[in-house]
1. Does the range 224-253 hold any residues that are farther than 15 Å from residue 137 by Cα and acidic (Asp, Glu), and which are they?
2. Between a first residue in the range 228-249 that is touching a residue at least 60 places away in the same chain (Cβ under 8 Å) and a second residue that is hydroxyl-bearing (Ser, Thr, Tyr) and assigned to a strand (DSSP E or B), which pairs have beta carbons less than 6 Å apart while being 6 or more apart in sequence or on different chains?
3. Please enumerate the residues belonging to the range 48-66 that are within 20 Å of residue 118 (Cβ to Cβ) and free of Cβ contacts under 8 Å to residues at least 40 places away in the same chain.
4. Determine if the range 115-136 includes at least one residue that is more than 20 Å from residue 247 (Cα to Cα), among the acidic types (Asp, Glu), outside any strand (DSSP E or B) and touching a Gly at 6+ places or on another chain (Cβ under 6 Å).
5. Which residues, taken from the range 96-113, are out of contact with any Ser or Thr (no Cβ under 7 Å at 6 or more places or on another chain) and not in a helix (DSSP H, G or I)?
6. Report, ordered by the first and then the second residue, all pairs with beta carbons closer than 9 Å, sequence separation of six or more or different chains, a first member in the range 76-104 that is at positive phi and free of Cβ contacts under 8 Å to residues at least 40 places away in the same chain, and a second member that is open to solvent by less than 60 Å² (accessible area, probe 1.4 Å) and not aromatic (Phe, Trp, Tyr).
7. Which ones in the range 197-215 are free of Cβ contacts under 8 Å to residues at least 60 places away in the same chain, crowded, with 17+ Cβ neighbours inside 10 Å and either farther than 21 Å from residue 186 by Cβ or not charged (D, E, K, R) (or both)?
8. For the range 216-239, indicate whether the set of residues that are under 22 Å from residue 79 (Cβ atoms), open to solvent by 60 Å² or more (accessible area, probe 1.4 Å) and of a type in the set (Asp, Glu) is non-empty.
Amino acid sequence: MKKFVKILAVVMAVVLSATLLYACGGKDSGDSTTAPAQSDASQTEAPAATNGKLIMATNATFPPYEYYEGDKIVGIDAEIGALIAEKLGMEFEIKDMDFNGILGAVQNGIADIGMAGMTVKPDRLEQVNFSTSYAKGVQVVIVKEGSDIASIDDLAGKKIGVQEATTGDAYATEDFGEENVKRYTNGAAAVAALQNGAVDAVIIDNEPAKAFVAENEGLTILETAYADEDYAIAVAKENTELLEKINAALAELTADGSIKAIVDKYIPA
């Protein structure tokens, strides 16, 4: 009887050990395809496009390229992004965020593309790749009616409002000095600062500038343009396959007139 008890104890020990080994993953420990669990939410996310969804990061305060109409983000970039997603057979989603967070979102896989009336610049090319250009923009200067600023040269020594991290910010800082530039999170805030006298002028893209002037009495746009630029789509550097597909889609949408139709819809000739 004692011998039987000892044998039973040994058998139970072997079974228990095998169970514990299996529960701890011992059976699959050599499987290199098993991905480690990501417990840290700050870790880089996988590009969303791999899940059949194209996520666009934007800053929806830039009419007519992106802005809210009720609860929906509409505009040139929103419609072009949707057409690209359709061409690629993907669902489309827009994430609204601060402009200066868009490139980081693309780099980290939070978004697949960045579209926000974004100009290709050397410092941005260090962070992401850009598609071929799909639209042209013009930087202009907004001032109060009756202002003593009548030309670009008159901006010297004046306080200039800009949307932070935009080309207007970069150009103004380079041309007129850091001490003369005041940065705001969006164009509307910069225009409000102009109205209350916190700045003497605002440098911003021509199309949103026209919208802001139309909505706010007592403002005007200088006749002379400040800078010309091309808009393109930001894509993560490692996501070259997606970049190639986007460029192919843009070529098709340009050839069939779809992009021109969208631009003309929001910017009548």
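The values are calculated or read from the model by the stated rules, or taken from the named source; none is laboratory data. Everything quoted here is computed from the prediction, not taken from an experiment. Please note: Cβ atoms are built from the backbone with ideal geometry, for glycine as well, and neighbour counts cover all protein chains shown. Accessible surface is based on the protein model in full, side chains and every heavy atom, while ligands, DNA and RNA are left aside. Shrake-Rupley method; radii C 1.70, N 1.55, O 1.52, S 1.80 Å.
1. Start the filter on the range 224-253 by keeping residues that are farther than 15 Å from residue 137 by Cα, which leaves 234-253.
The answer is 238, 241, 244, 252.
2. Every condition considered, the pairs that remain are 229/119.
3. Residues of the range 48-66 that are within 20 Å of residue 118 (Cβ to Cβ), as a first pass: 48-49, 54-66.
Answer for the range 48-66, where residues must be within 20 Å of residue 118 (Cβ to Cβ) and free of Cβ contacts under 8 Å to residues at least 40 places away in the same chain: just 60.
4. no
5. Once the filter is applied, which keeps residues that are out of contact with any Ser or Thr (no Cβ under 7 Å at 6 or more places or on another chain) and not in a helix (DSSP H, G or I), the range 96-113 yields 97, 110, 111, 112, 113.
6. 89/52
7. Result: 199, single match.
8. Within the range 216-239, the subset under 22 Å from residue 79 (Cβ atoms) is 229-235.
Now narrow it down to the ones that are open to solvent by 60 Å² or more (accessible area, probe 1.4 Å): 230.
Still in the list and also of a type in the set (Asp, Glu): 230.
Yes.
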